[in-house]
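Notes to accompany the following structure.
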Amino acid sequence: MKKLLCFGDSNTYGFRYYDRGRFDESIRWTGLLTERLKPYGIEVIESGLNSRTTVFDYAEKHGKNGNKALPLILEENSPVDIVIVMLGTNDCKTEFHADSDMIANGIETIINQIKLADENTKIILVCPPFIDKCVTERGFSQSFDENSVYKSIEIKDKFKQCALKNNCVFVNASDFADTKSTDGIHLNEKGHYALAKALFECIEKNFL
């Protein structure tokens, strides 16, 4: 059986924006993708962690640096045939003072980690849904500001260039889902469904 690893942050975890819980398997995009891929003999491994970054360490939160976590996750699930990476939202937080180039460098570090573990692993790089301006008025206003919104949009083209450079398939989540109706960060039920559909079609086209 082939293995597909979904490596990301709270939108991969399935964070439920209205009560800070977790969407169940029938709603979150990773669970929907699992059902779609079962007939193809592909096992989906969910590795979504709230607040995860590409390479940045928080001052007070531990274990959220994706670059430090990924090698162990890849090793314990080896061999991994496909990795879907969707990170970058938390890199836009004000405390990291990271510009779009720094965030793109972080995502390339993640890609290099995957290649180092197994050069045959296929990679789908997903630019996370754009942060909506409503974030400055809602639950995560202390972590994100207007610059965060702009950076989340700027990284799309940089992520696309990174994908081309590293022979990854590129998907822009905001082509299928948005965060306007939630807290400005997280996907709602419709967004999870749309993203799962888009990613399945991407996998079907490129790898099945």
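Six or more apart or on different chains, Cβ atoms under 6 Å: show the pairs whose first residue is in region 160-179 and closer than 18 Å to ASP81 by Cβ and whose second is open to solvent by 60 Å² or more (accessible area, probe 1.4 Å) and at pLDDT 95 or above. Listed pairs, sorted by first residue: VAL169/ASN206.
To keep it simple, each residue is scored yes or no on (1) closer than 19 Å to CYS92 by Cβ; (2) part of a loop (DSSP other than H, G, I, E, B); (3) of a type in the set (Ser, Thr, Tyr); (4) at pLDDT 95 or above.
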{"residue": "ASN167", "(1), (2), (3), (4)": "no, yes, no, yes"}
{"residue": "VAL171", "(1), (2), (3), (4)": "yes, no, no, yes"}
{"residue": "ASP178", "(1), (2), (3), (4)": "yes, yes, no, yes"}
{"residue": "ASP183", "(1), (2), (3), (4)": "yes, yes, no, yes"}
{"residue": "HIS186", "(1), (2), (3), (4)": "yes, yes, no, yes"}
{"residue": "HIS192", "(1), (2), (3), (4)": "no, no, no, yes"}
{"residue": "ALA198", "(1), (2), (3), (4)": "no, no, no, yes"}
{"residue": "GLU201", "(1), (2), (3), (4)": "no, no, no, yes"}
{"residue": "LYS205", "(1), (2), (3), (4)": "no, no, no, yes"}
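As a summary of the residue check, PHE144 satisfies the conditions (1) in a loop (DSSP other than H, G, I, E, B); (2) open to solvent by 30 Å² or more (accessible area, probe 1.4 Å); (3) more than 17 Å from GLY14 (Cα to Cα) except for the one numbered (2).
Would you check which residues across region 85-124 are more than 15 Å from the chain's Cα centre (by Cα) and acidic (Asp, Glu) and list them? Across region 85-124, the qualifying residues are GLU95, ASP99, ASP101, ASP118, GLU119. Among the residues of region 104-129, the ones that are among the charged types (D, E, K, R) and either open to solvent by less than 10 Å² (accessible area, probe 1.4 Å) or more than 15 Å from VAL80 (Cα to Cα) (or both) come to 1 in all. Residue selection: THR54 satisfies the criterion of being under 22 Å from ALA163 (Cβ atoms) and under 13 Å from the mean Cα position of the chain (by Cα). In region 24-47, the residue that is nearest to LEU187 (Cα to Cα) out of those that are among the hydrophobic types (A, V, I, L, M, F, W, C), open to solvent by less than 10 Å² (accessible area, probe 1.4 Å) and under 16 Å from the mean Cα position of the chain (by Cα) is TRP29. When you check ILE155 against the structure, is it part of a helix (DSSP H, G or I), modelled with pLDDT of 95 or more and β-branched (Val, Ile, Thr), yes or no? So ILE155 fits the description; yes.
Only one entry of ASN50, ASN67 meets the criterion of being part of a helix (DSSP H, G or I), polar (S, T, N, Q) and open to solvent by 20 Å² or more (accessible area, probe 1.4 Å), and that entry is ASN67. Close contacts from region 1-14, counting a first residue that is free of Cβ contacts under 8 Å to residues at least 60 places away in the same chain and surrounded by fewer than 24 Cβ atoms within 10 Å (Cβ to Cβ) and a second that is assigned to a loop (DSSP other than H, G, I, E, B) and polar (S, T, N, Q), with Cβ to Cβ under 9 Å and a gap of 6+ residues or different chains, come to TYR13/ASN50. Filtering region 13-48 to residues that are under 20 Å from ASP183 (Cα atoms) and touching a helix residue (DSSP H, G or I) at 6+ places or on another chain (Cβ under 6 Å) leaves ILE27, ARG28, TRP29, GLY48.
The values are calculated or read from the model by the stated rules, or taken from the named source; none is laboratory data. These numbers come from a predicted model, not from an experiment. Cβ sites come from the backbone with ideal geometry, for glycine too, and all protein chains shown count toward neighbours. All accessible areas refer to the heavy atoms of the entire protein, side chains included, with ligands and DNA or RNA removed. Shrake-Rupley method; radii C 1.70, N 1.55, O 1.52, S 1.80 Å.
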